[in-house]
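Quick note: the coordinates plus some simple rules give every number you see, no bench work behind them. On a predicted model such as this, the values are computed, not experimentally measured, just so you know. Cβ: placed from backbone, ideal geometry, glycine included. Neighbour counts: every protein chain shown.
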Amino acid sequence: MSEALAFDPSSAFDPWSPEFAADPYPGYAELRERGRVHWFAPSRQWLVPRYDDVRALLRDRRLGRTYL
C-alpha cells in the first residue's frame, strides 16, 4: 500500500449526506477505483476500501493491541 490519495471533496463518498446513507455503494465503488488507501481529512482517518487490504491489515499483529 504505497500510494495514498487525499480525499476529493467532489467525490461521491460523503458519509454524512442523506444520499450516501440511502445508497453508499457508488461512493464505495469510487473509493476502490481511485486507489487502495485514502486520507479522509474531515474525520482524520485512513480509508481502506478493498477487502484484501482490510483483511491484511486486520491480520497484521503490528497494528493490533496486546491485552495482558
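As a rough guide to protection, the peptides 50-58, 29-37 ranked by mean Cβ packing within 10 Å, highest first, stand as 29-37, 50-58. Stretched out straight at 0.36 nm per residue, the stretch from residue 51 to residue 33 would grow longer than its current Cα-Cα span by 5.2 nm.
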